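Take this structure first; my questions come after.
The values are calculated or read from the model by the stated rules, or taken from the named source; none is laboratory data. These numbers were taken from a predicted model, which means no experiment stands behind them. Glycine also receives a Cβ, built like all others from the backbone with ideal geometry; neighbour counts cover every protein chain displayed. Quick note on the areas: whole protein, heavy atoms, side chains included, nothing else; ligands and nucleic acids left out. Shrake-Rupley method; radii C 1.70, N 1.55, O 1.52, S 1.80 Å.
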Amino acid sequence: MLESLHISNYALIDLIDINFHEGFNVITGETGAGKSIILGALSLLLGSRADTRVVTNPEAKSIIEAVFTVDDYPSLKQFCIDEDIEWDDERCILRREISPAGRSRAFVNDSPVPLAKLREVSLHLIDIHSQHQNQLLSTPEFQLDVIDTLAGNAKRLSDYRVRFNSLKDAIRRLKAMKLKVERSREDEEFTRYQLEQLDELNPQPGEQAELEKERDVLNNLSVIKGALARATGALDAEDAGALQMVDTAMQACEDIEEVLDPADNISTRLETVRIELADIASTLSDLDENLGADPSALSAIEERLGSIYSLCHKHHVEDADALIELRDALRAKLQALDNSDDMIEELEKEARRAKALAKEAAMEISAARKEAAESFGRRLTEVAMPLGMKNLCCEIRVSPADMSATGIDSVEFMVAFNKNQPLMPVGATASGGEISRLMLSIKSIIASSMQLPSIIFDEIDTGVSGDVANRMGEMMLGISKNIQVTAITHLPQVASKGAHQYRVYKEDDEHSTHTHIALLSDEERVRSIASMLGGAEIDETAIAAARNLLSRH
(Lines give C-alpha, C1' and ligand atoms only; values in the text may rest on other atoms or scores of the structure.)
Protein backbone atom coordinates (compact mmCIF):
# COMPACT_ATOMS: atom_id res chain seq x y z
CA MET A 1 0.00 0.00 0.00
CA LEU A 2 0.95 3.68 -0.23
CA GLU A 3 2.50 4.28 3.18
CA SER A 4 3.62 7.91 2.94
CA LEU A 5 4.01 10.79 0.51
CA HIS A 6 6.57 13.60 0.73
CA ILE A 7 6.22 16.73 -1.43
CA SER A 8 8.49 19.76 -1.17
CA ASN A 9 8.91 22.96 -3.19
CA TYR A 10 6.14 22.05 -5.60
CA ALA A 11 3.64 24.68 -6.82
CA LEU A 12 1.77 25.98 -3.73
CA ILE A 13 3.30 23.29 -1.51
CA ASP A 14 6.32 24.24 0.62
CA LEU A 15 6.43 20.92 2.44
CA ILE A 16 3.93 18.14 2.93
CA ASP A 17 4.46 14.77 4.58
CA ILE A 18 1.39 12.54 4.52
CA ASN A 19 1.07 9.15 6.19
CA PHE A 20 -1.66 6.97 4.71
CA HIS A 21 -3.42 3.94 6.17
CA GLU A 22 -4.75 0.60 5.03
CA GLY A 23 -8.32 0.33 3.86
CA PHE A 24 -10.34 3.35 2.73
CA ASN A 25 -8.81 6.85 2.93
CA VAL A 26 -10.66 9.95 1.79
CA ILE A 27 -9.28 13.37 0.88
CA THR A 28 -11.61 16.37 1.01
CA GLY A 29 -11.25 20.11 0.70
CA GLU A 30 -12.74 23.12 -0.98
CA THR A 31 -12.42 23.57 -4.73
CA GLY A 32 -9.05 25.16 -5.46
CA ALA A 33 -7.54 24.15 -2.14
CA GLY A 34 -4.82 22.13 -3.89
CA LYS A 35 -6.08 18.55 -4.11
CA SER A 36 -5.19 18.47 -7.79
CA ILE A 37 -1.71 19.81 -6.95
CA ILE A 38 -1.07 16.86 -4.65
CA LEU A 39 -2.35 14.47 -7.28
CA GLY A 40 -0.21 16.16 -9.93
CA ALA A 41 2.87 15.72 -7.77
CA LEU A 42 2.06 12.05 -7.25
CA SER A 43 1.54 11.59 -10.99
CA LEU A 44 5.18 12.58 -11.53
CA LEU A 45 6.07 9.27 -9.89
CA LEU A 46 4.04 7.58 -12.61
CA GLY A 47 6.23 9.13 -15.27
CA SER A 48 4.31 12.31 -16.07
CA ARG A 49 6.25 15.10 -17.76
CA ALA A 50 7.89 17.56 -15.38
CA ASP A 51 7.24 21.28 -15.69
CA THR A 52 9.84 23.65 -14.22
CA ARG A 53 7.08 26.16 -13.44
CA VAL A 54 6.06 23.99 -10.48
CA VAL A 55 9.44 24.59 -8.78
CA THR A 56 8.50 27.40 -6.41
CA ASN A 57 11.86 28.24 -4.86
CA PRO A 58 14.45 28.70 -7.65
CA GLU A 59 17.23 27.98 -5.16
CA ALA A 60 16.08 24.40 -4.39
CA LYS A 61 14.92 21.22 -6.05
CA SER A 62 11.34 20.03 -6.09
CA ILE A 63 11.16 16.56 -4.53
CA ILE A 64 8.30 14.06 -4.59
CA GLU A 65 8.81 10.78 -2.76
CA ALA A 66 6.37 7.95 -2.05
CA VAL A 67 6.96 4.96 0.18
CA PHE A 68 5.02 1.75 -0.53
CA THR A 69 4.69 -1.34 1.60
CA VAL A 70 5.51 -4.31 -0.63
CA ASP A 71 5.37 -7.39 1.59
CA ASP A 72 5.03 -10.56 -0.49
CA TYR A 73 5.11 -8.90 -3.90
CA PRO A 74 7.25 -11.28 -6.00
CA SER A 75 6.46 -9.88 -9.45
CA LEU A 76 7.80 -6.41 -8.62
CA LYS A 77 10.78 -7.90 -6.79
CA GLN A 78 11.72 -9.97 -9.83
CA PHE A 79 11.32 -6.95 -12.11
CA CYS A 80 13.69 -4.88 -9.97
CA ILE A 81 16.24 -7.69 -9.74
CA ASP A 82 16.12 -8.19 -13.52
CA GLU A 83 16.62 -4.45 -14.06
CA ASP A 84 19.45 -4.23 -11.51
CA ILE A 85 17.38 -1.97 -9.24
CA GLU A 86 18.05 -2.07 -5.50
CA TRP A 87 15.35 -4.05 -3.67
CA ASP A 88 13.98 -4.13 -0.12
CA ASP A 89 11.56 -6.88 0.89
CA GLU A 90 9.46 -4.52 3.02
CA ARG A 91 9.34 -1.15 1.26
CA CYS A 92 9.68 0.33 -2.21
CA ILE A 93 10.58 4.03 -2.41
CA LEU A 94 9.91 6.07 -5.55
CA ARG A 95 11.44 9.54 -5.84
CA ARG A 96 11.42 12.25 -8.47
CA GLU A 97 13.60 15.36 -8.32
CA ILE A 98 13.15 18.44 -10.52
CA SER A 99 15.83 21.09 -10.56
CA PRO A 100 15.03 24.78 -11.18
CA ALA A 101 16.88 24.41 -14.50
CA GLY A 102 14.44 21.72 -15.58
CA ARG A 103 16.59 18.65 -15.08
CA SER A 104 14.57 15.69 -13.84
CA ARG A 105 15.97 12.67 -12.03
CA ALA A 106 14.17 9.49 -10.97
CA PHE A 107 15.03 6.93 -8.30
CA VAL A 108 13.70 3.58 -7.14
CA ASN A 109 15.02 2.54 -3.72
CA ASP A 110 17.82 5.12 -4.18
CA SER A 111 18.86 3.53 -7.48
CA PRO A 112 18.92 6.10 -10.31
CA VAL A 113 16.63 4.89 -13.09
CA PRO A 114 15.41 6.20 -16.45
CA LEU A 115 11.95 7.72 -16.35
CA ALA A 116 10.55 4.76 -18.31
CA LYS A 117 11.73 2.37 -15.57
CA LEU A 118 10.18 4.53 -12.86
CA ARG A 119 6.91 4.39 -14.79
CA GLU A 120 7.10 0.58 -15.07
CA VAL A 121 7.74 0.19 -11.35
CA SER A 122 4.95 2.61 -10.39
CA LEU A 123 2.45 0.73 -12.55
CA HIS A 124 3.05 -2.25 -10.26
CA LEU A 125 2.24 -0.15 -7.21
CA ILE A 126 -0.57 2.33 -7.81
CA ASP A 127 -3.43 3.19 -10.13
CA ILE A 128 -4.57 6.82 -10.22
CA HIS A 129 -8.07 6.91 -11.62
CA SER A 130 -8.97 10.42 -12.72
CA GLN A 131 -11.99 11.74 -14.60
CA HIS A 132 -9.80 11.78 -17.70
CA GLN A 133 -9.32 8.03 -17.31
CA ASN A 134 -13.08 7.55 -17.54
CA GLN A 135 -12.69 8.09 -21.26
CA LEU A 136 -10.59 4.95 -21.39
CA LEU A 137 -13.78 2.95 -20.90
CA SER A 138 -14.69 3.49 -24.54
CA THR A 139 -11.30 2.41 -25.91
CA PRO A 140 -10.85 -1.13 -27.27
CA GLU A 141 -7.48 -1.42 -25.53
CA PHE A 142 -8.93 -0.80 -22.07
CA GLN A 143 -11.90 -3.09 -22.66
CA LEU A 144 -9.61 -5.88 -23.82
CA ASP A 145 -7.34 -5.36 -20.82
CA VAL A 146 -10.29 -5.65 -18.42
CA ILE A 147 -11.35 -8.97 -19.92
CA ASP A 148 -7.79 -10.29 -19.92
CA THR A 149 -7.43 -9.28 -16.26
CA LEU A 150 -10.57 -11.16 -15.31
CA ALA A 151 -9.61 -14.13 -17.48
CA GLY A 152 -6.18 -14.34 -15.86
CA ASN A 153 -4.54 -14.17 -19.27
CA ALA A 154 -1.24 -12.57 -18.22
CA LYS A 155 0.83 -15.76 -18.54
CA ARG A 156 -1.03 -16.89 -21.65
CA LEU A 157 -0.47 -13.51 -23.31
CA SER A 158 3.22 -13.58 -22.42
CA ASP A 159 3.63 -17.01 -24.01
CA TYR A 160 1.54 -15.98 -27.01
CA ARG A 161 3.62 -12.86 -27.67
CA VAL A 162 6.76 -14.98 -27.86
CA ARG A 163 5.08 -17.08 -30.56
CA PHE A 164 3.61 -14.03 -32.28
CA ASN A 165 7.03 -12.38 -32.42
CA SER A 166 8.45 -15.58 -33.91
CA LEU A 167 5.70 -15.43 -36.53
CA LYS A 168 6.50 -11.80 -37.32
CA ASP A 169 10.18 -12.67 -37.65
CA ALA A 170 9.38 -15.60 -39.97
CA ILE A 171 7.16 -13.37 -42.13
CA ARG A 172 9.82 -10.67 -42.20
CA ARG A 173 12.48 -13.12 -43.36
CA LEU A 174 10.12 -14.56 -45.99
CA LYS A 175 9.27 -11.09 -47.33
CA ALA A 176 12.93 -10.10 -47.37
CA MET A 177 13.85 -13.24 -49.29
CA LYS A 178 11.06 -12.74 -51.83
CA LEU A 179 12.09 -9.12 -52.33
CA LYS A 180 15.73 -10.13 -52.68
CA VAL A 181 14.82 -12.81 -55.24
CA GLU A 182 12.58 -10.39 -57.13
CA ARG A 183 15.37 -7.84 -57.39
CA SER A 184 17.88 -10.53 -58.30
CA ARG A 185 15.64 -11.79 -61.11
CA GLU A 186 15.33 -8.26 -62.44
CA ASP A 187 19.15 -8.07 -62.57
CA GLU A 188 19.75 -11.69 -63.52
CA GLU A 189 20.61 -11.06 -67.19
CA PHE A 190 23.01 -8.26 -66.31
CA THR A 191 24.54 -10.32 -63.49
CA ARG A 192 25.18 -13.22 -65.85
CA TYR A 193 26.76 -10.80 -68.36
CA GLN A 194 29.08 -9.43 -65.67
CA LEU A 195 30.04 -12.95 -64.58
CA GLU A 196 30.78 -13.96 -68.19
CA GLN A 197 33.15 -11.01 -68.55
CA LEU A 198 34.95 -11.91 -65.34
CA ASP A 199 35.13 -15.59 -66.27
CA GLU A 200 36.54 -14.62 -69.66
CA LEU A 201 39.21 -12.47 -68.04
CA ASN A 202 39.81 -15.20 -65.40
CA PRO A 203 42.01 -13.13 -63.07
CA GLN A 204 44.36 -15.09 -60.81
CA PRO A 205 45.42 -14.29 -57.24
CA GLY A 206 48.47 -11.98 -57.23
CA GLU A 207 48.49 -11.82 -61.05
CA GLN A 208 48.24 -8.05 -61.33
CA ALA A 209 51.19 -7.37 -59.05
CA GLU A 210 53.34 -9.89 -60.92
CA LEU A 211 52.43 -8.43 -64.30
CA GLU A 212 53.14 -4.90 -63.15
CA LYS A 213 56.55 -6.04 -61.92
CA GLU A 214 57.33 -7.69 -65.27
CA ARG A 215 56.20 -4.58 -67.15
CA ASP A 216 58.44 -2.37 -65.07
CA VAL A 217 61.39 -4.66 -65.78
CA LEU A 218 60.80 -4.66 -69.53
CA ASN A 219 60.30 -0.90 -69.61
CA ASN A 220 63.67 -0.44 -67.87
CA LEU A 221 65.55 -3.27 -69.62
CA SER A 222 68.56 -1.26 -70.81
CA VAL A 223 69.14 0.21 -67.37
CA ILE A 224 68.76 -3.20 -65.72
CA LYS A 225 71.11 -4.96 -68.19
CA GLY A 226 73.73 -2.22 -67.75
CA ALA A 227 73.60 -2.69 -63.99
CA LEU A 228 73.87 -6.45 -64.39
CA ALA A 229 76.90 -6.00 -66.69
CA ARG A 230 78.62 -3.81 -64.12
CA ALA A 231 77.86 -6.27 -61.38
CA THR A 232 79.11 -9.35 -63.26
CA GLY A 233 82.22 -7.41 -64.44
CA ALA A 234 83.08 -6.46 -60.89
CA LEU A 235 82.88 -10.09 -59.89
CA ASP A 236 84.34 -11.92 -62.90
CA ALA A 237 86.58 -9.56 -64.94
CA GLU A 238 89.81 -11.27 -65.97
CA ASP A 239 92.19 -8.56 -64.82
CA ALA A 240 90.44 -6.90 -61.86
CA GLY A 241 87.39 -8.95 -60.91
CA ALA A 242 86.65 -10.00 -57.37
CA LEU A 243 87.13 -13.65 -58.25
CA GLN A 244 90.58 -12.91 -59.75
CA MET A 245 91.54 -10.97 -56.65
CA VAL A 246 90.45 -13.79 -54.37
CA ASP A 247 92.52 -16.25 -56.46
CA THR A 248 95.52 -13.96 -56.04
CA ALA A 249 94.96 -13.82 -52.29
CA MET A 250 94.71 -17.61 -52.11
CA GLN A 251 98.04 -18.07 -53.99
CA ALA A 252 99.73 -15.55 -51.72
CA CYS A 253 98.51 -17.36 -48.62
CA GLU A 254 99.85 -20.63 -50.01
CA ASP A 255 103.32 -19.00 -50.26
CA ILE A 256 103.28 -18.09 -46.57
CA GLU A 257 101.46 -21.17 -45.34
CA GLU A 258 104.26 -21.96 -42.85
CA VAL A 259 103.68 -18.70 -40.97
CA LEU A 260 99.85 -18.88 -40.83
CA ASP A 261 98.17 -20.33 -37.77
CA PRO A 262 96.27 -23.48 -38.86
CA ALA A 263 93.53 -22.55 -36.41
CA ASP A 264 92.69 -19.43 -38.51
CA ASN A 265 91.83 -21.69 -41.46
CA ILE A 266 92.58 -18.88 -43.92
CA SER A 267 92.77 -20.97 -47.09
CA THR A 268 89.47 -22.74 -46.46
CA ARG A 269 87.71 -19.48 -45.68
CA LEU A 270 88.99 -17.85 -48.86
CA GLU A 271 87.82 -20.88 -50.84
CA THR A 272 84.35 -20.52 -49.35
CA VAL A 273 84.27 -16.81 -50.32
CA ARG A 274 85.36 -17.68 -53.87
CA ILE A 275 82.63 -20.32 -54.25
CA GLU A 276 79.93 -17.84 -53.03
CA LEU A 277 81.15 -15.06 -55.32
CA ALA A 278 81.27 -17.44 -58.31
CA ASP A 279 77.66 -18.53 -57.58
CA ILE A 280 76.50 -14.90 -57.40
CA ALA A 281 78.25 -14.10 -60.66
CA SER A 282 76.62 -17.11 -62.34
CA THR A 283 73.17 -16.11 -61.06
CA LEU A 284 73.54 -12.55 -62.37
CA SER A 285 74.82 -13.84 -65.69
CA ASP A 286 71.84 -16.19 -66.07
CA LEU A 287 69.45 -13.33 -65.27
CA ASP A 288 71.15 -11.16 -67.89
CA GLU A 289 70.80 -13.89 -70.51
CA ASN A 290 67.09 -14.43 -69.66
CA LEU A 291 66.21 -10.75 -69.98
CA GLY A 292 65.45 -10.56 -73.63
CA ALA A 293 64.18 -7.48 -75.41
CA ASP A 294 61.08 -9.16 -76.88
CA PRO A 295 58.62 -6.35 -77.78
CA SER A 296 55.75 -8.84 -78.07
CA ALA A 297 56.16 -9.84 -74.40
CA LEU A 298 55.80 -6.24 -73.24
CA SER A 299 52.83 -5.74 -75.54
CA ALA A 300 51.07 -8.86 -74.17
CA ILE A 301 51.62 -7.72 -70.59
CA GLU A 302 50.31 -4.22 -71.35
CA GLU A 303 47.25 -5.69 -73.03
CA ARG A 304 46.52 -8.03 -70.11
CA LEU A 305 46.92 -5.25 -67.57
CA GLY A 306 44.70 -3.00 -69.67
CA SER A 307 41.91 -5.59 -69.54
CA ILE A 308 42.31 -5.91 -65.75
CA TYR A 309 42.36 -2.11 -65.24
CA SER A 310 39.27 -1.71 -67.43
CA LEU A 311 37.17 -4.17 -65.40
CA CYS A 312 38.46 -2.74 -62.13
CA HIS A 313 37.32 0.72 -63.20
CA LYS A 314 33.98 -0.62 -64.43
CA HIS A 315 33.24 -2.37 -61.15
CA HIS A 316 34.81 0.32 -58.93
CA VAL A 317 37.32 -2.01 -57.29
CA GLU A 318 41.03 -1.57 -56.62
CA ASP A 319 42.70 -4.59 -58.19
CA ALA A 320 42.42 -8.03 -59.76
CA ASP A 321 42.08 -9.70 -56.36
CA ALA A 322 38.93 -7.61 -55.77
CA LEU A 323 37.67 -8.75 -59.20
CA ILE A 324 38.10 -12.35 -58.04
CA GLU A 325 35.98 -11.61 -54.93
CA LEU A 326 33.35 -9.95 -57.10
CA ARG A 327 33.30 -12.92 -59.49
CA ASP A 328 32.76 -15.33 -56.59
CA ALA A 329 29.98 -13.11 -55.18
CA LEU A 330 28.18 -12.95 -58.51
CA ARG A 331 28.44 -16.70 -58.93
CA ALA A 332 27.03 -17.21 -55.40
CA LYS A 333 24.23 -14.75 -56.15
CA LEU A 334 23.21 -16.65 -59.28
CA GLN A 335 23.49 -19.96 -57.47
CA ALA A 336 21.22 -18.63 -54.72
CA LEU A 337 18.82 -17.43 -57.37
CA ASP A 338 18.80 -20.89 -58.92
CA ASN A 339 17.99 -22.32 -55.46
CA SER A 340 15.59 -19.53 -54.47
CA ASP A 341 12.42 -21.54 -54.99
CA ASP A 342 13.60 -24.11 -52.46
CA MET A 343 14.64 -21.38 -49.99
CA ILE A 344 11.30 -19.59 -50.30
CA GLU A 345 9.42 -22.85 -49.85
CA GLU A 346 11.36 -23.58 -46.65
CA LEU A 347 10.71 -20.08 -45.28
CA GLU A 348 7.02 -20.45 -46.11
CA LYS A 349 6.97 -23.70 -44.14
CA GLU A 350 8.58 -21.93 -41.18
CA ALA A 351 6.00 -19.13 -41.38
CA ARG A 352 3.13 -21.65 -41.49
CA ARG A 353 4.54 -23.51 -38.49
CA ALA A 354 4.98 -20.26 -36.56
CA LYS A 355 1.44 -19.16 -37.43
CA ALA A 356 -0.01 -22.49 -36.30
CA LEU A 357 1.78 -22.21 -32.94
CA ALA A 358 0.69 -18.59 -32.49
CA LYS A 359 -2.89 -19.41 -33.42
CA GLU A 360 -2.95 -22.30 -30.98
CA ALA A 361 -1.96 -19.95 -28.14
CA ALA A 362 -4.37 -17.26 -29.38
CA MET A 363 -7.28 -19.72 -29.41
CA GLU A 364 -6.61 -20.60 -25.78
CA ILE A 365 -6.64 -16.90 -24.88
CA SER A 366 -9.81 -16.36 -26.91
CA ALA A 367 -11.62 -19.18 -25.12
CA ALA A 368 -10.69 -17.69 -21.74
CA ARG A 369 -11.83 -14.25 -22.89
CA LYS A 370 -15.22 -15.49 -24.05
CA GLU A 371 -15.82 -17.27 -20.78
CA ALA A 372 -14.75 -14.22 -18.75
CA ALA A 373 -16.77 -11.84 -20.96
CA GLU A 374 -19.99 -13.77 -20.48
CA SER A 375 -19.78 -13.75 -16.68
CA PHE A 376 -18.43 -10.19 -16.58
CA GLY A 377 -21.36 -8.83 -18.59
CA ARG A 378 -23.81 -10.28 -16.07
CA ARG A 379 -21.75 -9.17 -13.10
CA LEU A 380 -21.32 -5.61 -14.41
CA THR A 381 -25.06 -5.28 -14.85
CA GLU A 382 -25.68 -6.50 -11.29
CA VAL A 383 -23.07 -4.21 -9.73
CA ALA A 384 -23.83 -1.05 -11.71
CA MET A 385 -27.65 -1.18 -11.68
CA PRO A 386 -27.94 -0.01 -8.05
CA LEU A 387 -25.94 3.12 -8.96
CA GLY A 388 -28.99 4.80 -10.45
CA MET A 389 -29.06 2.70 -13.62
CA LYS A 390 -31.94 0.31 -12.90
CA ASN A 391 -32.59 -0.49 -16.58
CA LEU A 392 -28.95 -1.12 -17.41
CA CYS A 393 -28.15 -4.00 -19.71
CA CYS A 394 -24.56 -4.97 -20.53
CA GLU A 395 -23.14 -7.37 -23.07
CA ILE A 396 -19.43 -7.95 -23.65
CA ARG A 397 -18.81 -9.00 -27.22
CA VAL A 398 -15.70 -10.93 -28.15
CA SER A 399 -15.42 -10.99 -31.94
CA PRO A 400 -12.84 -12.49 -34.32
CA ALA A 401 -10.13 -10.11 -35.45
CA ASP A 402 -6.93 -10.25 -37.44
CA MET A 403 -4.06 -11.78 -35.52
CA SER A 404 -2.09 -9.12 -33.66
CA ALA A 405 0.09 -8.75 -30.58
CA THR A 406 -3.04 -9.05 -28.42
CA GLY A 407 -4.44 -12.18 -30.04
CA ILE A 408 -7.25 -12.85 -32.49
CA ASP A 409 -10.12 -11.04 -30.76
CA SER A 410 -11.67 -7.63 -30.56
CA VAL A 411 -13.65 -6.81 -27.41
CA GLU A 412 -16.50 -4.32 -27.29
CA PHE A 413 -18.58 -3.27 -24.28
CA MET A 414 -22.19 -2.91 -25.41
CA VAL A 415 -24.70 -1.20 -23.09
CA ALA A 416 -28.26 0.01 -22.96
CA PHE A 417 -29.46 2.33 -20.17
CA ASN A 418 -33.16 2.38 -20.95
CA LYS A 419 -35.88 -0.16 -21.61
CA ASN A 420 -36.30 -1.22 -25.23
CA GLN A 421 -33.08 0.56 -26.13
CA PRO A 422 -30.78 -1.38 -28.46
CA LEU A 423 -27.33 -2.27 -27.20
CA MET A 424 -24.76 0.28 -28.34
CA PRO A 425 -21.01 0.75 -27.81
CA VAL A 426 -20.47 2.31 -24.41
CA GLY A 427 -18.64 5.33 -25.82
CA ALA A 428 -21.53 6.15 -28.14
CA THR A 429 -24.34 6.10 -25.61
CA ALA A 430 -23.10 6.72 -22.04
CA SER A 431 -23.04 10.17 -20.42
CA GLY A 432 -20.11 11.32 -18.31
CA GLY A 433 -21.85 10.36 -15.08
CA GLU A 434 -22.84 6.97 -16.42
CA ILE A 435 -19.31 6.28 -17.56
CA SER A 436 -17.99 7.23 -14.10
CA ARG A 437 -20.36 4.79 -12.43
CA LEU A 438 -19.60 2.06 -14.93
CA MET A 439 -15.88 2.56 -14.44
CA LEU A 440 -16.22 2.37 -10.67
CA SER A 441 -18.25 -0.81 -11.05
CA ILE A 442 -15.56 -2.30 -13.28
CA LYS A 443 -12.83 -1.39 -10.79
CA SER A 444 -14.92 -2.96 -8.06
CA ILE A 445 -15.25 -6.21 -9.99
CA ILE A 446 -11.61 -6.49 -10.97
CA ALA A 447 -10.16 -5.24 -7.67
CA SER A 448 -9.43 -8.77 -6.46
CA SER A 449 -7.73 -9.56 -9.76
CA MET A 450 -5.67 -6.36 -9.88
CA GLN A 451 -2.20 -7.00 -8.52
CA LEU A 452 -1.94 -3.49 -7.14
CA PRO A 453 -1.31 -2.39 -3.56
CA SER A 454 -3.16 0.92 -3.98
CA ILE A 455 -5.72 2.76 -6.10
CA ILE A 456 -6.69 6.44 -6.03
CA PHE A 457 -10.08 7.66 -7.26
CA ASP A 458 -10.01 11.33 -8.19
CA GLU A 459 -13.56 12.68 -7.92
CA ILE A 460 -15.00 9.67 -9.68
CA ASP A 461 -18.30 10.51 -7.98
CA THR A 462 -18.65 13.86 -9.78
CA GLY A 463 -22.19 14.48 -11.01
CA VAL A 464 -23.99 12.15 -8.60
CA SER A 465 -25.60 12.69 -5.25
CA GLY A 466 -27.94 11.23 -2.69
CA ASP A 467 -28.45 7.49 -2.69
CA VAL A 468 -26.26 6.92 -5.74
CA ALA A 469 -23.38 8.71 -4.04
CA ASN A 470 -23.93 6.57 -0.96
CA ARG A 471 -23.82 3.39 -3.04
CA MET A 472 -20.66 4.54 -4.81
CA GLY A 473 -19.09 5.14 -1.43
CA GLU A 474 -20.11 1.65 -0.35
CA MET A 475 -18.56 0.27 -3.51
CA MET A 476 -15.25 2.01 -2.87
CA LEU A 477 -15.37 0.75 0.68
CA GLY A 478 -15.87 -2.76 -0.68
CA ILE A 479 -12.85 -2.41 -2.98
CA SER A 480 -10.76 -1.35 0.03
CA LYS A 481 -11.26 -4.82 1.53
CA ASN A 482 -8.81 -6.11 -1.11
CA ILE A 483 -6.53 -3.15 -1.77
CA GLN A 484 -5.86 0.26 -0.30
CA VAL A 485 -8.29 2.87 -1.67
CA THR A 486 -7.91 6.63 -1.51
CA ALA A 487 -10.80 8.74 -2.79
CA ILE A 488 -10.71 12.47 -3.48
CA THR A 489 -14.30 13.59 -3.07
CA HIS A 490 -16.68 16.48 -2.47
CA LEU A 491 -19.55 14.24 -1.38
CA PRO A 492 -20.31 13.67 2.31
CA GLN A 493 -21.87 10.27 1.53
CA VAL A 494 -18.49 9.10 0.18
CA ALA A 495 -16.29 10.94 2.67
CA SER A 496 -18.13 9.39 5.61
CA LYS A 497 -17.25 5.88 4.42
CA GLY A 498 -13.53 6.40 4.85
CA ALA A 499 -11.69 4.98 7.81
CA HIS A 500 -9.44 8.06 7.71
CA GLN A 501 -10.13 11.50 6.33
CA TYR A 502 -7.62 14.13 5.22
CA ARG A 503 -8.46 17.77 4.53
CA VAL A 504 -6.58 19.85 1.98
CA TYR A 505 -6.63 23.59 2.69
CA LYS A 506 -4.86 26.82 1.77
CA GLU A 507 -3.30 29.46 3.99
CA ASP A 508 -2.02 32.90 3.06
CA ASP A 509 1.00 34.65 4.49
CA GLU A 510 2.16 38.15 3.66
CA HIS A 511 3.88 36.96 0.48
CA SER A 512 2.00 34.00 -0.99
CA THR A 513 -0.55 31.21 -0.66
CA HIS A 514 0.38 27.73 0.58
CA THR A 515 -1.38 24.37 0.35
CA HIS A 516 -1.45 22.04 3.38
CA ILE A 517 -3.04 18.71 4.27
CA ALA A 518 -4.04 17.38 7.66
CA LEU A 519 -5.42 14.12 9.04
CA LEU A 520 -8.69 14.96 10.75
CA SER A 521 -9.61 13.86 14.25
CA ASP A 522 -13.01 12.31 14.87
CA GLU A 523 -14.52 15.63 15.91
CA GLU A 524 -12.91 17.45 12.99
CA ARG A 525 -14.40 14.87 10.67
CA VAL A 526 -17.86 15.60 12.07
CA ARG A 527 -17.51 19.30 11.34
CA SER A 528 -16.00 18.61 7.89
CA ILE A 529 -18.87 16.30 6.90
CA ALA A 530 -21.36 18.76 8.36
CA SER A 531 -19.83 21.53 6.24
CA MET A 532 -20.16 19.34 3.13
CA LEU A 533 -23.80 18.74 4.02
CA GLY A 534 -24.83 22.23 5.03
CA GLY A 535 -22.44 24.63 3.36
CA ALA A 536 -20.72 27.51 5.11
CA GLU A 537 -23.22 27.64 8.00
CA ILE A 538 -22.82 24.59 10.23
CA ASP A 539 -25.80 24.15 12.52
CA GLU A 540 -26.80 21.40 14.92
CA THR A 541 -28.90 19.73 12.27
CA ALA A 542 -25.90 19.40 9.94
CA ILE A 543 -23.71 18.15 12.79
CA ALA A 544 -26.31 15.57 13.75
CA ALA A 545 -26.58 14.44 10.14
CA ALA A 546 -22.81 14.20 9.93
CA ARG A 547 -22.61 12.11 13.08
CA ASN A 548 -25.33 9.88 11.70
CA LEU A 549 -23.41 9.33 8.43
CA LEU A 550 -20.19 8.57 10.27
CA SER A 551 -21.85 6.23 12.74
CA ARG A 552 -22.90 3.88 9.96
CA HIS A 553 -19.34 2.72 9.44
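Could you please find all residues in the range 448-458 being part of a loop (DSSP other than H, G, I, E, B) and buried (at least 20 other Cβ atoms within 10 Å of the Cβ)?
453
Condition first: open to solvent by less than 10 Å² (accessible area, probe 1.4 Å), in contact with a Ser or Thr (Cβ under 7 Å, 6 or more places away or on another chain) and assigned to a strand (DSSP E or B). Now tell me which residues in the range 487-523 satisfy that.
Answer for the range 487-523, where residues must be open to solvent by less than 10 Å² (accessible area, probe 1.4 Å), in contact with a Ser or Thr (Cβ under 7 Å, 6 or more places away or on another chain) and assigned to a strand (DSSP E or B): 501, 504.
Let me ask something else about it. Starting from residues that are free of Cβ contacts under 8 Å to residues at least 40 places away in the same chain and crowded, with 16+ Cβ neighbours inside 10 Å, keep the ones in the range 112-135 and report whichever is nearest to residue 409 (Cα to Cα).
117
Failed condition for residue 81, given (1) closer than 22 Å to residue 38 by Cα; (2) at pLDDT 85 or above; (3) open to solvent by 60 Å² or more (accessible area, probe 1.4 Å), with all others met?
Tallying (1) closer than 22 Å to residue 38 by Cα; (2) at pLDDT 85 or above; (3) open to solvent by 60 Å² or more (accessible area, probe 1.4 Å), residue 81 fails exactly one: (1).
Also, quick follow-up: Of all the residues that make up the range 468-486, how many are touching a strand residue (DSSP E or B) at 6+ places or on another chain (Cβ under 7 Å) and assigned to a helix (DSSP H, G or I)?
Selection size over the range 468-486: 3.
Further question: Can you go through 261, 247, 239, 255 and tell me which one is over 23 Å from residue 192 (Cβ atoms), open to solvent by less than 50 Å² (accessible area, probe 1.4 Å) and of a type outside the set (A, V, I, L, M, F, W, C)?
247
Would you check which residues across the range 474-486 are within 18 Å of residue 434 (Cβ to Cβ) and either open to solvent by 20 Å² or more (accessible area, probe 1.4 Å) or without any contact (Cβ under 8 Å) to a residue 60 or more places away in the chain (or both) and list them?
Listed by number, the list holds a single entry, 475.
In addition: Would you list the helices (runs of 4 or more DSSP H) that sit entirely within the range 330-446 and hold 2 or more residues that are of a type in the set (S, T, N, Q) and closer than 22 Å to residue 472 by Cβ?
In the range 330-446, the matching helices (runs of 4 or more DSSP H) lie at 432-446.
Please enumerate the residues belonging to the range 194-204 that are assigned to a loop (DSSP other than H, G, I, E, B) and touching a helix residue (DSSP H, G or I) at 6+ places or on another chain (Cβ under 6 Å).
Listed by number, the list holds a single entry, 203.
Residues to consider are 243, 235, 228; find the one that is farther than 30 Å from residue 298 by Cβ, assigned to a helix (DSSP H, G or I) and at pLDDT below 85. Full working, then the answer.
Details: 235 fails: farther than 30 Å from residue 298 by Cβ; 228 fails: farther than 30 Å from residue 298 by Cβ.
Only one candidate qualifies: 243.
Suppose we filter 4, 99, 36, 75 for residues that are over 30 Å from residue 478 (Cβ atoms), open to solvent by 10 Å² or more (accessible area, probe 1.4 Å) and hydroxyl-bearing (Ser, Thr, Tyr); which single one remains?
Only one candidate qualifies: 99.
Let me ask you something else. Among the numbered criteria (1) assigned to a helix (DSSP H, G or I); (2) within 30 Å of residue 197 (Cα to Cα), which one does residue 317 miss?
All conditions are met except number (1).
Search the range 46-74 for residues that are of a type in the set (Asp, Glu) and pair each with any residue that is open to solvent by less than 40 Å² (accessible area, probe 1.4 Å) and not in a loop (DSSP other than H, G, I, E, B) when their beta-carbon atoms are under 6 Å apart and the residues are at least 6 apart or on different chains.
65/95
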